[in-house]
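> Have a look at this one.
Read the figures in this text as sums done on the coordinates, not as results from a lab. Owing to the predicted nature of the structure, the values given are computational and were not obtained by experimental measurement. Here the Cβ is made from the backbone with ideal geometry for all residues, glycine too, and neighbour counts use every protein chain on show.
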Amino acid sequence: MGKTNLLDAVYYLCMGKSHFNLPDIHVVQHDAGFFRLEGHFRIDERKEKIVAKVQPRRRKELERNDVPYRRLSDHVGLIPVVFIAPDDTYLITEGSEARRSFLDNTLSQLDHQYLQQLILYHKVLRQRNALLKQFGESRTFNPALIEIYDQQLLEPAAYIHEQRAQFIDAFRPYLRETVAVLSGERESVDCVYRSRLEEAPLAELLREAADKDRVLERTTVGIHKDDLLFSIGGHPLKKFGSQGQLKSFVLALKLAQYELLRQDKKQAPILLLDDIFDKLDRSRVEQLIQLLLSRRFGQTFITDTHEQRLEEIIRQVGANYRKFVVENGQAIPS
C-alpha cells in the first residue's frame with residue numbers, strides 16, 4: 001500500500017538517495033519520467049524545507065529552503081537518519097560490502113570530509129580498474145600510468161581508514177550496551193574492524209599486488225576491501241548466532257548507530273522502523289518499544305501490517321503517538 005515507500009521518501013530527503021541502494025530509475029513510479037519529494041523538518045526550532053527533484057538518468061537536484069545545493073553530498077548530515085528494516089540481517093549474512101556500506105552511511109552523516117574523501121577514492125578506483133581492464137583487452141601494460149592512480153588513492157584511503165578505525169573504537173561500547181539491554185544481559189558481543197592497511201601502507205600493498213591486479217584486471221587491495229567482524233560469546237556471529245540472536249544484534253547495531261549519531265550531532269536523528277513485527281517476535285518488539293521510551297529518541301516512524309497490534313503495545317507502555325492508515329498510497333489520519 002505504500003508504507004515502506006513513505007519511510008523511504010523520508011530517508012531520501014535526509015540522504016539524497018533511497019535506503020535500498022536502488023538507482024533512481026527503480027525508485028520513480030512505473031511509467032513516470034520523474035519524481036518530486038518535499039519535506040518540512042524542524043531542527044532546534046529552525047524550519048527546513050527540503051525538496052528533491054529527480055529525473056532518472058538525466059538530473060537530480062536537492063534544494064534547502066528553495067536554494068539548490070551545488071553538490072548533493074553537501075546535504076548529507078544535515079538531518080541524521082537511521083532506517084531499520086526486516087531484512088537487516090544481511091549485514092551479518094552477506095559479504096563485506098554490506099558492512100562497509102553501514103560504516104560509510106554512518107560516517108558520511110558524521111563527517112563531511114569523510115564523504116568527500118570516499119567519493120574521491122571510488123572515482124579514482126573506477127578509473128584505475130578501467131585502465132587495468134583496458135590493458136587486459138589490448139594485452140599491453142604501462143606501470144607508469146597505474147602509478148598515477150596509485151598516488152591519487154593514497155591520501156583518501158589513509159583518511160578513510162583512520163576515521164573507520166576511530167569510529168569503531170567509539171561505537172563498540174554503544175553496541176555492547178544496547179545488546180545487553182535487548183538480551184537482558186545474557187549475551188556478550190563484539191565488533192572488530194579489519195583492514196589490510198593495518199599491516200602496511202597502501203602504497204606498499206599496491207606494489208605487492210601489482211601482478212595480481214594485472215591478471216585479474218581489477219584493484220585487489222585497498223579500503224574497498226575492509227570488513228567488520230561480529231562475534232557473540234567470542235565466536236563468529238554469522239556461524240554461531242541463532243536467528244533470534246541475529247535479529248537482536250542487527251537491531252542493537254542500528255540503535256547504537258542512532259545513539260552515536262545523536263551524541264555527535266547534538267540532535268536526535270529520525271528513526272524509521274519498517275515492519276518490525278515481520279522478523280521480531282512480540283517480546284522483542286516490546287523490549288524495543290521500552291528502549292525507545294527510556295532513551296532520548298526523537299521522532300520515530302513505525303509501520304506494521306496489523307493495525308491493532310503495534311497500537312496495543314504502544315498504549316501499554318504509555319507512549320504518545322499518532323496513527324495513519326496507508327491505503328492506495330495515501331496516508332490517512334486515523
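> Name the residue from ALA252, ILE79, PHE141 whose Cα lies farthest towards the positive end of the charge dipole of the chain, charges +1 on Cβ of Lys and Arg and -1 on Cβ of Asp and Glu.
Ranked along the dipole, the leading option is ILE79.
> Label points 7 Å out from Cα along the Cβ direction at GLU97 and GLU217: separation in nm?
For the pair GLU97/GLU217, the computed spacing is 1.8 nm.
> How would you rank LEU62, LEU145, going from fewest to most other Cβ atoms within 10 Å of each one's own Cβ?
Values: LEU62 22, LEU145 14.
Placing the least packed residue first, the sequence is LEU145, LEU62.
> For the stretch 73-116 and the stretch 151-198, write down the distance between their C-alpha centroids in whole Å.
That distance is 13 Å.
> Continuing with this model, one more query. Could you give the DSSP H helices of the chain that reach 15 angstrom or more along their long axis (alpha carbon positions) and whose average Kyte-Doolittle hydropathy is no lower than -0.5? Show your work: numbers first, answer last.
Values: long enough: 3-15 (18 Å, 0.58); 96-110 (21 Å, -0.67); 112-138 (40 Å, -0.57); 143-183 (55 Å, 0.00); 243-265 (33 Å, -0.27); 282-294 (18 Å, 0.22); 307-317 (17 Å, -0.86).
Taking the DSSP H segments of the chain (at least 15 Å long, mean hydropathy at least -0.5), we get 3-15, 143-183, 243-265, 282-294.
> Quick one: ARG262, ARG172, fewest Cβ neighbours within 10 Å first, how do they rank?
Numbers: ARG262 19, ARG172 16.
Listing ARG262, ARG172 from fewest to most nearby Cβ atoms yields ARG172, ARG262.
> Could I ask something else about it? Could you please rank CYS191, CYS14, placing first whichever residue has the fewest other Cβ atoms within 10 Å of its Cβ?
Numbers: CYS191 20, CYS14 25.
So the ranking, lowest neighbour count to highest, is CYS191, CYS14.
> Out of (1) 0.97; (2) 0.99; (3) 1.13, which label holds the value of Rg/Rh (Cα atoms, Kirkwood Rh) that was computed here?
Of the labelled values, this structure produces (2).
> May I ask you to list the lysines whose Cα is less than 25 Å away from that of LYS239, ignoring any residue fewer than eight positions away on the same chain?
Within reach: LYS225, LYS247, LYS254, LYS279.
> Then there is this: Figure the gain on full extension for LYS133 and ASP66 (residue separation times 0.36 nm, minus the Cα-Cα span) and round it to one decimal in nm. Spell out each step's value before the answer.
Working: separation 67, 0.36 × 67 = 24.12 nm, distance 4.34 nm.
Here the answer is 19.8 nm.
> Right, something else. Checking the cross-link filter: which aspartates and glutamates have an alpha carbon closer than 19 Å to that of LYS47, excluding same-chain neighbours under 8 positions apart?
GLU38, GLU63, ASP66, ASP74
> Turning to a different aspect of this structure: Which loop GluC sites (Glu not before Pro) in the stretch 54-98, with loop taken from DSSP, have no more than 13 other Cβ atoms within 10 angstrom of their Cβ? Spell out each step's value before the answer.
Values: sites: GLU61, GLU63, GLU94, GLU97; in loops: GLU94.
Sites meeting the loop and neighbour criteria: GLU94.
> Give the lysines reachable from LYS53 as a straight Cα distance under 19 Å; neighbours fewer than 8 places away on the same chain don't count.
Once the sequence-local lysines are set aside, what remains near LYS53 is LYS17.
> For every helix of n ≥ 4 consecutive DSSP H residues, a contribution of -39,500 (n - 2.57) applies; sum these over the chain, divide by its total residues, and give [θ] at 222 nm rounded to the nearest 500 deg cm²/dmol. Let's see the in-between values first.
Working: 11 runs with 165 residues, N = 334.
Computed mean residue ellipticity for the chain: -16000 deg cm²/dmol.
> Considering all alpha-carbon pairs of the stretch 33-176, what whole percent are spaced by more than 19 angstrom?
Working: 7037 of 10296 pairs.
So the portion of pairs separated by more than 19 Å is 68 percent.
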